[in-house]
Each structure stands twice: as C-alpha cells, then as structure tokens.
Amino acid sequence: MHPMLNVAVKAARRAGSVIQRASLNLDTIRVENKKHNDFVTDVDRAAEEAIIATVLEAYPKHAILAEESGAKGVGHSEYEWIIDPIDGTTNFLHGHTQYAVSIALAHKGLVQQAVVYDPSRNDLFTASRGVGAFLNDRRIRVSKRIQLNQCLIATGFPVTDQSYIDQYLGMLKDILAKTAGVRREGAASLDLCNVACGRVEGYWEKNLQPWDIAAGSLIVQEAGGMVTDLSGEQNWMESGDIVAASPKVLAQLLQMLAPHLS
Ligand code: IPD
Ligand code: CA
Ligand code: CA
C-alpha cells in the first residue's frame, strides 16, 4: 500500500473509533445547525481533529481542507488532504447507520489516494490512482448491468439549498420511470463507493462540496467507472454537481438529465 494511503487509512480508522464510541450515546451529543438542514456535532469535530493530527504527524507540511475547520496551508504545499470527518451527519444523529469518514489526498490538484471508511459495517474502501479500487483489500469493479430498466440508481435530494427543487424533481421523475429504482441513502461518499462496487449502477447529485466527493470519485474511477458533471464535463469538483457510473450507464444518465439542464 502507498505510504500516504496507509496514513489515510490509519486516520480514517481513528476517526471511526471516535464516531462508533459516540454512537453508543447518541442522546448526549451536542448538535448545532450550520444552516438549514446542515448539522455539525462535537463528534464531527473530534473525528476531524483525530484525522488532522494523524495526517500532520506524518506530513507536517501538507495542506488541509477539512469540512469543519476549513483550509490550512492551502497554496503552500503541493499536497492537500480533503477531509469529511462524518459524511452523513444527519443519518449518524438518528442512529441510521449510513455514514462514513472520507479522506482524499490531492497532489497538484489531482486526487491520488482515497479512503472511505464505513465504521458501522467496518467497510474500508480505498484507491490509489493507477492501482485500482478495493473494498477490505479485495479488488472492486463497477456493475456490468447496462440495460437501464435493470439499473438501480442512487441520488441525493436537495436539502440545504432548495432553489433547484423543481429541476431536481423533473430529473427524478424521468430516472424513476426508466430504471429499476432510485435510492437516497444520505451519504455521498458511500453512494460513490456503492457505484464502485456494483451495489448500484449509477449516481447523480447536485450542489455537493469537495470533501463529499473527492475520495469516492477516485474510488469509482479506479473501479472502472466514470465521473462527470451533469453535462458530461469534468468540472464536477468545482461545481459539486456529479454523475458517476460505468461508461455505458453514464451516457444514458446524461441523456436523461440533459433536458433538465438550463
Ligand atoms: C451530506 C451527505 C448527503 C448529501 C449532502 C451532504 P454531510 O454530507 O453527503 O448525502 O446529500 O448534500 O452535505 O453534511 O453529512 O457531511
Ligand atoms: Ca459530507
Ligand atoms: Ca460532514
């Protein structure tokens, strides 16, 4: 395993222990509302601290972009760690076990190492650019299904910003009509990993942040999938609008989304 991926795994597992310990006493967790439907807890902060401490212990000069504490040293290092300590905080708060730790390492702006750790299932998804994607050390590949009516598609609803809800519902209506079903599980990083290991055939969502998608996207690409924005272009990391699937399913998803883009 690449030494930087090894550090990412160590950090993710430490954060996972913080999170799972806290999950035993959900009633005592302090919650704040960052904005409408966007929550942060003392557990998000403690998990993030554990990740950053582990990374900086190994690489003190690397830059950090973390959801809860923001950017440190960005622009001063070629290496940037992109961290979501709990992706799926709303699920975590409800004891709904669909949440994960997401850690990506970018070099000169390109993600090279990725970890998504689901502590409830002890599922560790990893990828290194050019080396492949793994779930608990076993190689994973995207699904081989290509007939849309056999495809299960994941998505995320507009929760914080509802200004594009009508546009989104139009997309959902068309995709529901033509596929085997749509799933909304509430953790973007795991939605991407589910594409990577073939539990769903595709995924789309709008308005995400870099820490939601940086790690999961490399895991999809290294599992033989493709990632684009909703128009099939490559600026999904900047826009936060994302589609991920095997190449053949992605082309069909883009075709269904196109009439809804304005
Ligand atoms: C959220 C999850 C969710 C997505 C939201 C994200 P958070 O991340 O990834 O699936 O729909 O847009 O904000 O806030 O739980 O880290
Ligand atoms: Ca997130
Ligand atoms: Ca989060």
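General observations
- Positions within the range 205-224 being buried (at least 24 other Cβ atoms within 10 Å of the Cβ) and aliphatic (A, V, I, L, M), in sequence order: Ile213, Ala214, Ala215, Leu218, Ile219, Val220, Ala223
- Inspection of the range 133-153 finds no residue satisfying the criterion of being within 16 Å of ligand 3 (Cβ to nearest atom), of a type outside the set (Val, Ile, Thr) and open to solvent by 30 Å² or more (accessible area, probe 1.4 Å).
- Val40 being within 18 Å of the chain's Cα centre (by Cα) and more than 30 Å from Pro3 (Cβ to Cβ): yes
- One residue from Ala53, Ala11 being surrounded by 16 or more Cβ atoms within 10 Å (Cβ to Cβ) and aliphatic (A, V, I, L, M): Ala11
- Flag for Val31 being more than 15 Å from ligand 2 (Cβ to nearest atom), open to solvent by 60 Å² or more (accessible area, probe 1.4 Å) and modelled with pLDDT under 95: yes
- Of everything in the range 160-185 that is in a loop (DSSP other than H, G, I, E, B) and surrounded by fewer than 20 Cβ atoms within 10 Å (Cβ to Cβ), the residue that is nearest to ligand 2 (Cβ to nearest atom) is Thr160.
- Subset of the range 25-54 (residues that are over 18 Å from Leu65 (Cα atoms), of a type outside the set (Ser, Thr, Tyr) and more than 15 Å from ligand 3 (Cβ to nearest atom)): Asn25, Leu26, Asp27, Arg30, His36
- The listed residue being away from ligand 1 (no atom under 14 Å from the Cβ), of a type in the set (Gly, Ala, Ser) and open to solvent by less than 10 Å² (accessible area, probe 1.4 Å), out of Ala71, Ala100, Ala114: Ala114
- Number of the exception - Asn207 against (1) of a type in the set (S, T, N, Q); (2) out of contact with any helix residue (DSSP H, G or I) (no Cβ under 7 Å at 6 or more places or on another chain); (3) more than 16 Å from ligand 3 (Cβ to nearest atom): (3)
- Per this entry, Thr41 is not counted among residues that are in contact with a strand residue (DSSP E or B) (Cβ under 8 Å, 6 or more places away or on another chain), polar (S, T, N, Q), within 14 Å of ligand 1 (Cβ to nearest atom) and open to solvent by 10 Å² or more (accessible area, probe 1.4 Å).
- For Glu48, the criteria (1) more than 13 Å from ligand 2 (Cβ to nearest atom); (2) at pLDDT 95 or above; (3) of a type in the set (D, E, K, R); (4) in a helix (DSSP H, G or I) hold in every case but one, which is (1).
- Residue list for the range 186-227, restricted to those being free of Cβ contacts under 8 Å to residues at least 60 places away in the same chain, part of a loop (DSSP other than H, G, I, E, B) and more than 11 Å from ligand 2 (Cβ to nearest atom): Gly198, Arg199, Val200, Glu201, Lys206, Asn207
- Contact map, the range 55-84: residues that are at pLDDT 95 or above and within 16 Å of ligand 3 (Cβ to nearest atom) paired with residues that are among the β-branched types (Val, Ile, Thr) and open to solvent by 40 Å² or more (accessible area, probe 1.4 Å), Cβ distance under 9 Å, separation 6+ or inter-chain. Pairs shown: Ile64/Val74; Leu65/Val74.
- Here Gly202 does not fit the description of being surrounded by fewer than 24 Cβ atoms within 10 Å (Cβ to Cβ) and either on the phi > 0 side of the Ramachandran plot or among the small types (Gly, Ala, Ser) (or both).
The values are calculated or read from the model by the stated rules, or taken from the named source; none is laboratory data. Keep in mind it's a predicted model, so treat the numbers as computed, not measured. Using ideal geometry, Cβ is built from the backbone for each residue, glycine included, and neighbour counts are taken over all protein chains shown. Protein only, heavy atoms only, side chains kept; ligands, DNA and RNA dropped before computing areas. Shrake-Rupley method; radii C 1.70, N 1.55, O 1.52, S 1.80 Å.
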